[in-house]
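Working notes for the structure below.
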Amino acid sequence: MLVVVGILIALYINNQNTEKQDTISLNGYLHNIAENIKSDQINLEQISTFRDSSVMGSKFFMKMVEQDLTSQYTSYFSKYFNFNPWLDETFQSNQSGFEALKNSGFLNKIQQTQLETELYKYYSLVEKIKEEEQSLNNFMEEMEYDMYKNNIVQRTKPLIRKLFQSKASEKDMDELQQILNYPAFLGSHSRNAGTSYMNVLYDQLSENADHLLKEIDIITKD
């Protein structure tokens, strides 16, 4: 009888030690995910700022071209061209912690918990954003290729240089106006002007990040 009791006590202690070690390991994975999320939040703020300026610039461009406001050309190129639609800017999410957790076998430790719900909600939205940005950038690459192929970009650069040097002649301004009305130029800005929905997705992801960090904090403090 004493031997049986001793074995049961040993098994209990062993199980306790195993559970303790599992908790330490799980918390380590969750800590890494939390650090990834904090890094994501910085990247989200940066891409949101860029997207805001880019959308604003494209809206300015569309109004300028539609109303033939040639006097605004300098303002457009000086204020907004650094946020032009052809810049391949994307939100870069660090998913290394989540991938490590999935490969570890510890994911079952949080099954049917709020933390699991928040994890999948967050990373599903990350994938949706990735798909939306890829679709947008693919379109812009096609427009940019069209402009290079038809010598639009090459013609634009010297005209802009003359514009800022106050050396643009009436003929130069007419040519620049023609270029800015080129279908791929217009199409790029028209498409980009309607991408405010991307910032809605970024805001949703930022909100999800806050919820996820709170859930991780609750679990790792227990």
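Checking GLN204 against (1) closer than 20 Å to PHE98 by Cβ; (2) open to solvent by less than 60 Å² (accessible area, probe 1.4 Å): exactly one of these is not met. Which one?
Every condition holds for GLN204 apart from (2).
Search region 160-174 for residues being under 13 Å from PHE77 (Cβ atoms) and among the basic types (Lys, Arg), and hand back the single one that is least open to solvent (accessible area, probe 1.4 Å).
Going through the qualifying residues, I end up with LYS162.
Condition first: within 27 Å of the chain's Cα centre (by Cα), without any contact (Cβ under 8 Å) to a residue 40 or more places away in the chain and open to solvent by 40 Å² or more (accessible area, probe 1.4 Å). Now tell me which residues in region 96-112 satisfy that.
If the condition is that a residue be within 27 Å of the chain's Cα centre (by Cα), without any contact (Cβ under 8 Å) to a residue 40 or more places away in the chain and open to solvent by 40 Å² or more (accessible area, probe 1.4 Å), then GLU99, LYS102, ASN103 are the ones that fit.
For region 73-95, what are the residues that are open to solvent by 70 Å² or more (accessible area, probe 1.4 Å) and either hydrophobic (A, V, I, L, M, F, W, C) or in a helix (DSSP H, G or I) (or both)?
LYS79, ASN82, listed by residue number.
Restricting to region 35-64, give me the number of residues that are within 25 Å of TYR122 (Cα to Cα), of a type in the set (Ser, Thr, Tyr) and in contact (Cβ under 8 Å) with a residue 60 or more places away in the chain.
Summing the residues that are within 25 Å of TYR122 (Cα to Cα), of a type in the set (Ser, Thr, Tyr) and in contact (Cβ under 8 Å) with a residue 60 or more places away in the chain in region 35-64 gives 1.
Given the condition farther than 22 Å from GLU89 by Cβ and either modelled with pLDDT of 95 or more or open to solvent by less than 30 Å² (accessible area, probe 1.4 Å) (or both), answer yes or no: does some residue in region 135-147 qualify? So that I can check it myself, show each step before the final result.
At the first step, the residues of region 135-147 found to be farther than 22 Å from GLU89 by Cβ are none.
Taking every residue of region 135-147 in turn, none turns out to be farther than 22 Å from GLU89 by Cβ and either modelled with pLDDT of 95 or more or open to solvent by less than 30 Å² (accessible area, probe 1.4 Å) (or both).
Within region 45-68, which residues are touching a Pro at 6+ places or on another chain (Cβ under 9 Å) and over 18 Å from MET140 (Cβ atoms)?
Once the filter is applied, which keeps residues that are touching a Pro at 6+ places or on another chain (Cβ under 9 Å) and over 18 Å from MET140 (Cβ atoms), region 45-68 yields nothing.
Could you list all residues from region 114-134 that are open to solvent by less than 50 Å² (accessible area, probe 1.4 Å) and free of Cβ contacts under 8 Å to residues at least 24 places away in the same chain?
GLU116, the sole residue that qualifies.
Restricting to region 50-71, name every residue that is assigned to a helix (DSSP H, G or I), open to solvent by 50 Å² or more (accessible area, probe 1.4 Å) and either farther than 26 Å from SER166 by Cα or modelled with pLDDT under 95 (or both). Before you say what the answer is, go through the steps one by one.
Looking only at region 50-71, we keep the residues that are assigned to a helix (DSSP H, G or I), and these are 50-66, 70-71.
Retained after the next criterion (residues that are open to solvent by 50 Å² or more (accessible area, probe 1.4 Å)): 52, 56, 59-60, 63, 66, 70-71.
If the condition is that a residue be assigned to a helix (DSSP H, G or I), open to solvent by 50 Å² or more (accessible area, probe 1.4 Å) and either farther than 26 Å from SER166 by Cα or modelled with pLDDT under 95 (or both), then ASP52, GLU66, THR70, SER71 are the ones that fit.
The values are calculated or read from the model by the stated rules, or taken from the named source; none is laboratory data. All of these numbers come straight from a predicted model, not from anything done at the bench. Methodologically, a virtual Cβ is constructed for each residue, glycine included, from the backbone with ideal geometry; neighbour enumeration extends over all protein chains shown. Accessible surface areas use protein heavy atoms only, side chains included; no ligands, DNA or RNA. Shrake-Rupley method; radii C 1.70, N 1.55, O 1.52, S 1.80 Å.
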